[in-house]
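Derivation of every value follows stated rules applied to the coordinates shown; laboratory data play no part. Worth saying up front: this structure is predicted, and the values here are computed from it rather than measured. A quick note on method: Cβ atoms are made from the backbone with ideal geometry, for glycine too, and the neighbour counts reach across all protein chains shown.
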Amino acid sequence: MKKITAIVREDRFSIIKDALSDIGYPGMTVTEVKGHGAQKGITEQWRGRTYRTDLITKVEMEMVVPDKDVEDIIQCIIREARTGSIGDGKIFISSIEDAVRIRTGERGEQAV
């Protein structure tokens, strides 16, 4: 099993979520996060004034999935999240040793 963590733009989240659901992966944990990458924030104009925003609001999506499904999910996220601009986000993949469904006691992929 793998844990896929994707940090994406807020405005792309609904599109990504719907696309993942369409290909059979509706389950995820979602968190609103703030941060910045290499761009160190953005500069915006509002009412004729320039403002620097150091921490950008993003959406963090987490999913634990079978190894065989990882590439399909990654490609779906990339396809729907990519705008071609700085700040499109990142995807991190990590190994999960085990999982337990509390209600039934099932373990491993059956718990996911």
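Would you work out the charge dipole size for segment 2-111 about its Cα centre, treating the Cβ of every Lys and Arg as +1 and the Cβ of every Asp and Glu as -1, and quote it to the nearest 20 debye?
Details: 18 positive and 19 negative charges, 116 e Å.
So the dipole magnitude of segment 2-111 works out to roughly 560 debye.
Which angle from 0 to 90°, rounded to the nearest 10, does the C-alpha axis of helix 10-22 make with the longest principal axis of the chain?
Computed tilt is about 30 degrees.
Stretch residue 104-residue 55 to full length: gain in nm at 0.36 nm per residue minus the Cα-Cα span? Intermediate values should be presented prior to the final figure.
On the way: separation 49, 0.36 × 49 = 17.64 nm, distance 4.10 nm.
My answer for the length gained is 13.5 nm.
So what's the angle, to the nearest 10 degrees on a 0 to 90 scale, between helix 70-81 and the longest Cα principal axis of the chain?
20 degrees
Mind giving me the nanometre distance, one decimal, between the label points for residue 10 and residue 47, set 7 Å out from Cα along Cα→Cβ?
Rounded to a tenth, the inter-label distance reads 1.9 nm.
Regarding the chain, what is the average projected area of its C-alpha convex hull, in nm²?
Values: hull surface 33.8 nm².
That works out to 8.5 nm², a quarter of the Cα hull's surface.
How high is the relative contact order of segment 17-78, given as a whole-number percent (alpha carbon pairs under 8 Å, six or more residues apart)?
On the way: 61 pairs, mean separation 22.8, N = 62.
This gives 37 percent for segment 17-78.
Among the lysines, which have Cα under 27 Å from the Cα of residue 58 when same-chain residues fewer than 8 positions away are ignored?
Partners within reach: 2, 3, 17, 34, 40, 90.
Can you tell me, using C-alpha contacts under 8 Å and at least 6 residues apart, the relative contact order of the chain as a whole percent?
Values: 175 pairs, mean separation 45.8, N = 112.
So the answer I get is 41 percent.
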